[in-house]
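S.K.: This structure is in structure tokens; I'll ask about it shortly.
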């Protein structure tokens, strides 16, 4: 699947997606990952929707930490299709925020979703 994604991105003129483990501290990036979790804000809080994107889905007993990226959509309480387990391609500016790489209002493409039963 990763090879297909890289070829697809290259054929559309976009740079190949970079792994989350290789994100710069600041700058424009194109990357892919899995939504690990989403955070909904209460009605009285500043309007934004955030998600944590990881490089892989952690399995019990699997060694090594996950690379994480916080993604924040300002002015939105929810983003359709963005839910845990969704695979995304993201493009935007990365900046550090509270010790974690963060991307605000990225361009995104949903690559696949988990089926609900």
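The values are calculated or read from the model by the stated rules, or taken from the named source; none is laboratory data. These numbers were taken from a predicted model, which means no experiment stands behind them. Neighbour counts are summed over all protein chains in view; Cβ atoms, including those assigned to glycine, are modelled from backbone coordinates with ideal geometry.
S.K.: Given the range 1-92, what strands (runs of 3 or more DSSP E) lie entirely inside it while holding 2 or more residues that are within 14 Å of residue 108 (Cα to Cα), touching a helix residue (DSSP H, G or I) at 6+ places or on another chain (Cβ under 8 Å) and modelled with pLDDT of 90 or more?
M.R.: Values: elements: 27-39, 48-54, 68-74.
Per the criteria, 27-39.
S.K.: So, in the range 85-102, of the ones that are surrounded by 15 or more Cβ atoms within 10 Å (Cβ to Cβ) and without any contact (Cβ under 8 Å) to a residue 60 or more places away in the chain, which residue ends up nearest to residue 75 (Cα to Cα)?
M.R.: Once the filter is applied, the top-ranked residue is 102.
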